[in-house]
């Protein structure tokens, strides 16, 4: 399973990568495989302030729907609008496709999230 070391992972299958003080958030390769072909990615509210673990949006496939969670507390500053028309981008490149960007309330240090090896161990 492809799991890059340049980001942190939540037990709820989101990945997080810090880019210039903002966190890009997507779902893991494992999560997209479990969901199957995505038909919808959305319900992300730009400007919403969320506590860590709160639902930030939804991904839906033919099999099921699943919440996407905020990995840390912060404010959603962007939604990847390209996913509204082409949600399959998440299936095609889960680590190259962010779903939303979050401005964290505190400096991001990755504590409370898993590194790549910890995430792999958790999903085995």
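Each reported figure results from applying straightforward, stated rules to the coordinates on display, with no laboratory input. Since we're looking at a predicted model, the values are computed, not measured. Note: ideal-geometry Cβ built from the backbone for every residue, glycine included; neighbour counts use all protein chains shown.
For a bin width of 10 Å, list the pair-distance distribution of the range 1-61 built from all Cα-Cα distances, rounded to whole %.
18, 51, 29, 1
Which number comes out as Rg/Rh for the chain once both Rg and the Kirkwood Rh are worked out on C-alpha atoms?
Numbers: Rg = 13.1 Å, Rh = 14.2 Å.
Answer for the chain: 0.93.
Please compute the modelled spin-label separation between residue 81 and residue 12, points set 7 Å along Cα→Cβ, answer in nm with one decimal.
It works out to 2.6 nm between the two label points.
Would you kindly compute the Cα radius of gyration of the range 71-118 and its largest Cα-Cα separation (Dmax), both in Å?
Looking at the range 71-118, its Cα Rg and Dmax stand at 13.0, 34 Å.
How large is the helix-only mean residue ellipticity at 222 nm for the chain, computed as the sum of -39500 (n - 2.57) over DSSP H runs with n ≥ 4, divided by its residue count, in deg cm²/dmol to the nearest 500? Please list the in-between numbers first.
Numbers: 4 runs with 24 residues, N = 124.
Here the helix-only value at 222 nm equals -4500 deg cm²/dmol.
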